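Worksheet: one structure, shown below.
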Amino acid sequence: MSVSIALNIAVVLVIINISLGLLIVVTRRLTYLGHAIGVVTSLGLVMSAVKAMFEPPQYVIFVDSAFAFTSLSFRMNALTGFFLLLIGIVGLFASVYGIDYVKEYAGRKDVSLLVAGALVFLATMASVVLAGNVFTFLVSWECMSIVSFLLVIYEHEQEEVRNAGFIYVVMTHIGTVFLTISFLIIARYSDSLSFNLMNTNHMPNVIKTIVFLFALIGLGTKAGLVPFHIWLPRAHPVAPSHVSALMSGVMIKIAMYGFLLIVFEFLKGGPIWWGILVSCIGAITALLGVLHALVQRDQKRMLAYSSIENMGLIFLGLGLSLIFMSLHDPILAAFSLLASLVHAFNHALFKSLLFFGAGAVLSKTHTKNMDRLGGIIRKMPWTACFTLMGALSISAMPPFNGFIGEWMLFQSAFALAMSVHSPWMGIYAVLLVGSLTMTGALVAMAFVRSFGSTFLALPRSEYVESANEVGMLMRIGMAGLAGLCLFIGIFPARWVSMLGNSIREITGMSLKMNPFQFGMNDIARADGRLLLIPVLMTSILALIFLWGILRLVGRRTSAVRMETWACGGTLTPLMTYTASGYSKPVRVTFQQIFRPSRTLQRTEGSEYFPSKFVYFSKVTSFAETYLYHPIIQTVLSMARLVRAIQNGQVQSYLAYLFVTLIVLLILVK
Amino acid sequence: MIHVLLEILQVIFIIGVSPLIQGIVKRTKAILQGRQGPSVWQPYYDLHKYLNKDEVLSIHASWLFLITPYVVFVTMIAVVAMIPVFITHTLLSFTGQLMLVVYLFGLSRFFTALAGIDTGSSFGAMGSSRDMFVSALAEPVLFITLLAIALPMKTTNLTLITSRAVTGHSPLLSPTFYLAFLAFLILVITETGRIPIDNPDTHLELTMIHEGMILEYSGKRLGLMMWSAWIKQAIMFTLLLDFCFPWGISLVVHGSMLIASFIMVFLKLTVIAIVIAFVEMSYAKIRFFRIPRLLSAAFALSIISILTNFLL
C-alpha cells in the first residue's frame with residue numbers, strides 16, 4: 001500500500017462516515033451500523049496514518065469543480081499522518097466506549113442522533129487535517145465547529161447546556177473569522193489556494209506579523225488559550241462524555257495543526273518576539289488553567305480546565321521552537337517541536353481516558369459534583385484503576401507517558417537557558433521552567449483531589465449507593481487507552497523517533513536518530529538520553545530486595561480490620577474531606593486571582609441556636625471578570641447610546657434616510 | 001565490575017544509614033532542648049519493632065492504601081540509585097536525571113496523598129491537601145535552584161554535575177553558590193518536612209502534614225513509610241552535599257581514596273544533620289499560610305543566583 005492509496009482510503013472513510021451519519025439522521029435508525037462503521041473507519045484511519053508516517057513523500061488529490069475557488073483538495077504527509085493517527089486512535093476507543101455509553105440516553109433522548117453526530121464529527125476532524133487547500137480546510141473547519149456545537153447542545157432541555165452551546169458557537173466563529181483572514185492573506189500573496197504552493201517569501205514583515213497574530217487569535221480560540229478560553233470549560237463538560245473526550249482529546253489539537261500549518265509551514269517562523277509571545281501565553285494559560293481546574297467541583301469541568309492547561313504546555317513548546325528557529329538553532333527547534341507533538345499525543349490519550357472515567361462515574365451516579373461522590377473504588381474497581389492510570393499519566397508521573405512529554409519540554413526550556421547569552425532571555429527560560437514545574441505539581445494536586453474525592457474515602461451521598469461497574473465495552477475503551485499510556489511511557493524511544501518524519505515536514509530538520517540519544521548541542525553530547533527501563537528494572541530489583549528485608553528482619557505478620565479512627569466518635573461520610581475543602585489552601589493563597597466569596601445563611605432555628613444553614617462559596621473566573629465583563633459592559637452601554645435614535649417612529653426613520661441621502665449626495669458629488 | 005559493586009554499595013549505604021541520620025537529628029535536638037533523648041540507634045529499634053508488629057487496617061481502606069508503602073519505598077530506592085554518594089558514578093546515569101528525581105519524589109507523594117484520603121480520615125486528607133499544596137509551591141523553586149547549580153555545569157546529569165563540581169575550582173567565591181545554597185537549604189527543610197514548615201515529631205495535632213497522611217498506617221506498612229521518609233531525607237542531604245560541598249567525592253576507584261571519601265561523606269552527613277537540628281531548634285513552626293512567603297524568598301534567592309550566574 002503506498003501513501004496515495006492511504007490517502008484515498010482516508011478520504012473514502014471520511015465520505016462513508018459523513019454519508020452514513022446523514023443517513024442515520026434522516027432514517028433515525030441504523031444506530032448499530034453507525035457504531036460498527038465508527039469503529040471500522042477509525043481503524044482504517046489509524047492504518048493509513050501509520051502508512052503516511054512511515055513513508056513520508058506526500059501525495060495530493062484534487063476534486064475539481066467549475067470554480068477554481070471551490071475545488072476540493074486533499075493531501076497526506078507525515079505531519080497530517082500524525083494528526084490523523086491521533087484522531088483514529090481516540091476515535092477508535094471513543095467509538096467502542098460510545099456503544100455502551102449511549103445506552104445511558106436510551107428512552108429519554110434520540111440516540112441515533114448522537115451516534116450520527118459522533119460519526120460526522122470524527123469525519124470532519126479528519127477532513128480538516130487531510131485538507132490540501134484553503135477552501136477544503138475552512139469548509140471542514142466550519143463543519144467541525146458546527147457538528148461539535150450540535151453535539152454540545154445534545155441535552156438542550158437544560159438551560160446550562162444551551163448557554164454553553166451559545167457561548168461556544170459565538171467564540172468559535174470569532175476565531176474562524178480571524179483564521180479565514182490570515183489564510184486569505186497568505187493565499188493572496190502566494191497567488192494560490194493550494195497548501196503546497198503557499199509561498200510567503202515576498203510577504204512584507206508587517207503583513208507576516210498580522211497573519212501571525214490573526215492565526216494566534218483564531219487558532220488560540222479553538223485551542224482554548226487564555227484569554228480566549230472561556231467557551232471551553234462550559235462546552236466540553238456538557239457534551240456526552242465520549243464526545244467530550246473527542247473534543248478535549250482531539251479537536252483542540254486540530255487547532256495546533258492549524259498553527260503548525262500557518263506559522264511553521266507557511267510563514268516558516270519569524271522574529272524572536274513571536275516565540276516569546278507564544279511561549280508566554282502558553283505558560284500563563286497552563287498556570288491559570290490548572291489553578292482553575294483545582295477549584296472546580298464539577299468533575300468534567302475540571303477536566304476541561306485541565307485541557308486548557310495542557311494546550312498551554314503544548315503552545316509553550318511551540319513558542320520555544322519558534323525562539324530556537326529565530327536563533328538559528330534547527331536541532332533544538334526540532335526537538336522542542338517534537339516535545340510539543342509528543343505532549344499533544346499523550347494528552348489526547350490520557351485526557352480521553354479521564355473523560356471516559358468521568359463519564360463512567362456519571363452514567364452510574366448521575367452526578368458530576370465531586371463533593372457528592374466518594375468511595376466508588378469499591379463499587380467500580382476497574383473504572384477506578386483506569387482512571388488512576390490516567391491521573392498518573394496526566395500528572396507526568398513516571399513510568400507513564402505524560403512524563404515523557406513533560407521531560408522533553410523541560411529539556412527544551414533548559415536548553416534555552418543554556419544556549420542564550422543574554423541574562424534576560426536566560427531568566428525568561430528559567431521562569432518557563434518554573435512555570436512548567438509549578439504547573440506539573442499543581443496538576444498532581446488537582447488529580448489527587450479529583451481521584452481522591454471521587455473514588456476514595458466514604459460515599460458522601462445516596463448517588464453512590466446504587467453505583468456498580470460499567471459495561472464491558474466501556475471498560476475496553478478505557479483499558480485500551482490506559483494500556484497505551486503505560487506502553488508509551490515505558491517504551492518511548494521507538495515511538496518518539498517515529499515522529500521524526502513528521503517534524504521533517506515542517507522544519508526540514510531530519511531527526512532520524514533516536515531523540516533520546518542525540519546530543520542536544522553542548523548539553524549532553526554523549527549521553528543525552530532518558531532511560532526509564534533501567535529505572536524500572538532497578539525498581540523491580542528493589543522490590544525483591546524489600547521482600548528479602550521483610551523476610552529477614554520481620555516475621556510474618558497479620559492484619560485486623562477496624563474502623564478508621566475519628567477522635568473517639570463514629571466516622572460518618574460528612575466528616576470526610578470534600579473536594580472543595582481539599583483545594584482551600586489554593587483558594588486562599590491565590591485569592592488575588594480567584595476572589596473567593598462565601599456566604600453563610602441560617603435557614604432554621606434561632607439566631608443563637610441555628611439548626612440549619614445554607615452555605616454558598618464561589619470563585620470568579622479571571623478572564624471573565626477582568627476582560628470579558630468590561631468588554632460586554634462597553635458594548636452594552638454603546639448600544640444604550642444608539643438606542644436614543646431608535647425610537648420606533650416611521651417618520652424619524654424616514655428623516656434618517658433623507659439626511660443620509662443628502663450627506664451621500666454631497667460626498668459623492 | 002568493581003564499579004557496579006561500589007554503586008550498589010552506595011545504594012545500600014544510603015538505605016542503611018538513613019535511620020542513623022534521623023537518630024542524630026533527634027539526639028541533637030534532645031541535647032539542645034536539655035533532654036537526655038533517645039540513643040542515635042533508636043530509629044533502628046523502632047524499625048525492627050514496626051516490621052514485626054501486626055497491623056490494624058481501616059475497614060474503608062482499599063488496595064491503594066495497601067500498596068502505597070511498597071510503591072513509596074521502591075520509588076525511593078530508584079532515586080537513591082541515581083544519586084552520587086561517595087563516588088561520582090551511579091547505577092543509573094543519564095541526561096535529564098534531575099527531572100526524573102523530582103518526579104519520582106512526586107510519584108511517591110502522589111501515592112502517599114491518595115493513601116491519606118483513602119481511609120476517610122479527615123486528618124489524612126488534610127495532610128494530603130497541605131502536602132500537595134506545599135509541594136506545588138516548592139517544586140518550581142526546587143527546579144530553579146537545581147538549575148542555578150546545573151547551569152554552570154551545562155548538564156542535567158547528576159554524575160556529570162557532581163564530577164564537574166569536584167574537579168572545578170572551588171565555588172565558594174561565587175555569589176551564585178551562596179544564594180543557591182541558601183535557597184536549597186530552605187528546600188531541604190521543606191522537602192524533609194521539618195520545622196518551620198512541618199513538624200516530624202508531632203502526632204495528632206492539626207498542624208501536621210506528612211504525619212497526618214500516614215496516621216492510619218501501623219505495623220509493617222508504617223515501618224516502610226517511616227523508613228522511606230528517612231531515605232528521602234538522606235537523599236536530600238546527599239544532594240545538598242553533592243551540589244554545594246562536593247569535596248572528597250572520589251572520581252576514581254582507588255582504595256585509599258575510597259576510604260577517605262567514605263569517611264568524608266559520613267562526616268558531612270553528620271554535620272548537615274546537626275545543622276538541621278540547630279535550624280529546627282531556632283525556629284517555631286510557622287503558620288501554614290505563611291509557608292508561601294518562605295518559599296517565595298527561596299524563589300527570589302534562586303532567581304538572583306541565576307542572574308548573577310549570567311552577569312558575572
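Need the failing condition index for B:V79 against (1) more than 7 Å from chain A (Cβ to nearest Cβ); (2) touching a Lys or Arg at 6+ places or on another chain (Cβ under 9 Å); (3) modelled with pLDDT under 90, just the number.
Going through (1) more than 7 Å from chain A (Cβ to nearest Cβ); (2) touching a Lys or Arg at 6+ places or on another chain (Cβ under 9 Å); (3) modelled with pLDDT under 90 one by one, B:V79 breaks only (3).
Being within 24 Å of A:R561 (Cβ to Cβ), among the polar types (S, T, N, Q) and outside any helix (DSSP H, G or I) is the filter here; which residues of the stretch B:20-63 pass it? Give the derivation first.
If we filter the stretch B:20-63 for residues that are within 24 Å of A:R561 (Cβ to Cβ), which is where we start, we get B:49-63.
Then keep just the ones that are among the polar types (S, T, N, Q); that gives B:52, B:58, B:62.
The answer is B:S58, B:S62.
Do we have B:I59 as facing another protein chain (nearest Cβ under 8 Å) and out of contact with any helix residue (DSSP H, G or I) (no Cβ under 8 Å at 6 or more places or on another chain) here? Can you show your working first?
On the way: facing another protein chain (nearest Cβ under 8 Å): yes; out of contact with any helix residue (DSSP H, G or I) (no Cβ under 8 Å at 6 or more places or on another chain): yes.
So B:I59 passes the test.
Residue by residue, here is whether (1) touching a Ser or Thr at 6+ places or on another chain (Cβ under 7 Å); (2) free of Cβ contacts under 8 Å to residues at least 40 places away in the same chain; (3) closer than 30 Å to A:K584 by Cβ holds:
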{"position": "B:G34", "(1), (2), (3)": "no, yes, no"}
{"position": "B:I59", "(1), (2), (3)": "no, yes, yes"}
{"position": "B:L64", "(1), (2), (3)": "no, no, yes"}
{"position": "B:A81", "(1), (2), (3)": "yes, no, no"}
{"position": "B:I87", "(1), (2), (3)": "yes, no, no"}
{"position": "B:R130", "(1), (2), (3)": "no, no, yes"}
{"position": "B:V134", "(1), (2), (3)": "yes, no, yes"}
{"position": "B:P140", "(1), (2), (3)": "yes, no, yes"}
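What number of residues in the stretch A:554-586 are of a type in the set (A, V, I, L, M), at the interface with another protein chain (Cβ under 7 Å from one of its Cβ atoms) and farther than 30 Å from B:L51 by Cα?
Qualifying residue count, the stretch A:554-586: 2.
Against the definition (more than 9 Å from chain A (Cβ to nearest Cβ) and touching a residue at least 12 places away in the same chain (Cβ under 8 Å)), how does B:Y44 come out, yes or no? Step through it out loud before you land on a result.
Values: more than 9 Å from chain A (Cβ to nearest Cβ): yes; touching a residue at least 12 places away in the same chain (Cβ under 8 Å): yes.
Answer is yes for this residue.
Looking at A:E607 and the list (1) free of Cβ contacts under 8 Å to residues at least 24 places away in the same chain; (2) within 14 Å of chain B (Cβ to nearest Cβ), which single condition is not satisfied?
Of everything listed in (1) free of Cβ contacts under 8 Å to residues at least 24 places away in the same chain; (2) within 14 Å of chain B (Cβ to nearest Cβ), A:E607 misses just condition (2).
Considering the stretch A:393-410 alone, what residues qualify as being facing chain B (nearest Cβ under 7 Å) and either touching a strand residue (DSSP E or B) at 6+ places or on another chain (Cβ under 8 Å) or under 14 Å from B:L107 (Cα atoms) (or both)?
If the condition is that a residue be facing chain B (nearest Cβ under 7 Å) and either touching a strand residue (DSSP E or B) at 6+ places or on another chain (Cβ under 8 Å) or under 14 Å from B:L107 (Cα atoms) (or both), then A:S395, A:A396, A:M397, A:P398, A:F403 are the ones that fit.
Identify the residue in the stretch B:62-74 that is surrounded by 23 or more Cβ atoms within 10 Å (Cβ to Cβ) and touching a Phe, Trp or Tyr at 6+ places or on another chain (Cβ under 8 Å) and, among all such residues, is nearest to the other protein chains (Cβ to nearest Cβ).
For the stretch B:62-74, the residue satisfying everything is B:F73.
Quick check on my filter: what residues within the stretch B:2-20 are out of contact with any Phe, Trp or Tyr (no Cβ under 7 Å at 6 or more places or on another chain) and touching a residue at least 24 places away in the same chain (Cβ under 8 Å)? Please lay out each step first, then the result.
Here is the first cut: in the stretch B:2-20, the residues out of contact with any Phe, Trp or Tyr (no Cβ under 7 Å at 6 or more places or on another chain) are B:2-9, B:11-17, B:20.
Residues satisfying the conditions are B:I2, B:H3, B:V4, B:L6, B:E7, B:I8, B:V11, B:F13, B:I14, B:I15, B:V17, B:L20.
Restricting to the stretch A:594-611, name every residue that is under 22 Å from A:S453 (Cβ atoms) and in contact with a helix residue (DSSP H, G or I) (Cβ under 9 Å, 6 or more places away or on another chain).
Of everything in the stretch A:594-611, those that are under 22 Å from A:S453 (Cβ atoms) and in contact with a helix residue (DSSP H, G or I) (Cβ under 9 Å, 6 or more places away or on another chain) turn out to be A:F594, A:P596.
In the stretch A:181-215, which residue that is of a type in the set (F, W, Y) and within 25 Å of A:A78 (Cα to Cα) is surrounded by the fewest Cβ atoms within 10 Å (Cβ to Cβ)? Walk me through it before giving the result.
To start, the set of residues in the stretch A:181-215 that are of a type in the set (F, W, Y) comprises A:183, A:189, A:195, A:212, A:214.
Subsequent filtering for residues that are within 25 Å of A:A78 (Cα to Cα) retains A:183, A:195, A:212.
On the way: A:F183: 27, A:F195: 25, A:F212: 22.
Across the stretch A:181-215, the extreme among qualifying residues is A:F212.
Could you say whether any residue in the stretch A:351-360 is surrounded by fewer than 24 Cβ atoms within 10 Å (Cβ to Cβ) and assigned to a helix (DSSP H, G or I)?
From the stretch A:351-360, those surrounded by fewer than 24 Cβ atoms within 10 Å (Cβ to Cβ) are none; that's our starting set.
No, because not a single residue in the stretch A:351-360 is surrounded by fewer than 24 Cβ atoms within 10 Å (Cβ to Cβ) and assigned to a helix (DSSP H, G or I).
Do you know which residues across the stretch B:95-119 are under 20 Å from the mean Cα position of the chain (by Cα), facing chain A (nearest Cβ under 7 Å) and hydrophobic (A, V, I, L, M, F, W, C)?
Hits for the stretch B:95-119 are B:M99, B:L100, B:L104, B:L107, B:F110, B:A113.
Is one or more of the residues making up the stretch A:160-180 part of a loop (DSSP other than H, G, I, E, B), surrounded by fewer than 17 Cβ atoms within 10 Å (Cβ to Cβ) and without any contact (Cβ under 8 Å) to a residue 12 or more places away in the chain?
From the stretch A:160-180, those part of a loop (DSSP other than H, G, I, E, B) are none; that's our starting set.
Checked against the condition, which is being part of a loop (DSSP other than H, G, I, E, B), surrounded by fewer than 17 Cβ atoms within 10 Å (Cβ to Cβ) and without any contact (Cβ under 8 Å) to a residue 12 or more places away in the chain, the stretch A:160-180 yields no hits at all.
The values are calculated or read from the model by the stated rules, or taken from the named source; none is laboratory data. These figures come from a predicted structure and were not determined experimentally. Please note: Cβ atoms are built from the backbone with ideal geometry, for glycine as well, and neighbour counts cover all protein chains shown.
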